[in-house]
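Read the figures in this text as sums done on the coordinates, not as results from a lab. On a predicted model such as this, the values are computed, not experimentally measured, just so you know. Counting neighbours? That spans all protein chains shown, and the Cβs are built from the backbone with ideal geometry, glycine included.
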Amino acid sequence: MSANDLQHPLKRARGLGSAQSGVGHWWTQRITAVALVVLGSWFVILVLGLLHADYATAHYTVGRPWNAVLLIAFVVAAFWHAALGLQVVIEDYVHTRWREIFLLVLVKFLAVLGALMGVLAVLRIALGV
Amino acid sequence: MADTRRPLSPHLQVYRWQVQMVSSIVHRVTGVVLAFGTLLVLWGLLELAGGQRSFDQFKVCVGSPAGLLLLFGWSWALFYHLCNGIRHLIQDTGAGYEIPQFVRSSWLSVIGSVVLTVIVWAYVLMTGGVA
């Protein structure tokens, strides 16, 4: 800490900065990005392997434990990362406050719904219900 | 909101187009595209969970010309966002900010995404197309 730093030590310790939200968004975006580098590449390979699969093969493959777990991770990470990214785009380009808030909330709701639907679909496939 | 007719930051049309800005803009555009593209993944999972008939219908939809075009666009957007995303993760460590490096890595993202897209669709064609 430099001698002419005007920030209160408590302010620094909280680490929230002038926007009051700290590095949470930035950091979560990076974590989900790293996860998606691995999971996205794996997903493409999975789909390519199922190119000519009939329903039974596709159902069996997707439902195998490791595939199901990774697919759930992929779906959750993808919707999470998408919501964080769309949030930045909306904040940058929507300059009418009520529209901005409306879209931000809408994106969060849709992302959570999408993730839940994806998780439920994979669980139904894996558990055979 | 206050008067917004004051000059804002320079608009796109006053810039000479260069690969660094293209790679940045396209990263954002492909990100938005992929956010909607994720619905394609969701759709496939829901139809697979829905049973044989719904999954077969899904395959017909995806295998149609419009579906293939959508898939092709989705795959390129994914590979571009992947390549350029890895580039940004590397830049987050503070590396690669010299202008020549920055330009080179921009081109790497663009070329890498095209190469990956070609490889995947060549594989699809070689194994007899879709479905």
Checklist entry - of a type in the set (A, V, I, L, M, F, W, C), farther than 23 Å from A:LEU113 by Cα and surrounded by 13 or more Cβ atoms within 10 Å (Cβ to Cβ), is that true of B:ILE111? => result no
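Considering only residues that are within 15 Å of A:HIS81 (Cβ to Cβ), in contact (Cβ under 8 Å) with a residue 12 or more places away in the chain and of a type in the set (A, V, I, L, M), look in segment A:1-52 and name the one that is surrounded by the fewest Cβ atoms within 10 Å (Cβ to Cβ).
Restricting to residues being within 15 Å of A:HIS81 (Cβ to Cβ), in contact (Cβ under 8 Å) with a residue 12 or more places away in the chain and of a type in the set (A, V, I, L, M), the top hit is A:ALA35.
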Checklist entry - Within segment B:46-83, which residues are under 21 Å from the mean Cα position of the chain (by Cα) and crowded, with 20+ Cβ neighbours inside 10 Å? => result B:ALA77, B:LEU78, B:PHE79, B:TYR80, B:HIS81, B:LEU82, B:CYS83
Next on the checklist: Quick test for you: out of A:VAL88, A:VAL75, pick the one residue that is within 12 Å of the chain's Cα centre (by Cα) and of a type in the set (A, V, I, L, M, F, W, C).
Outcome noted: A:VAL75
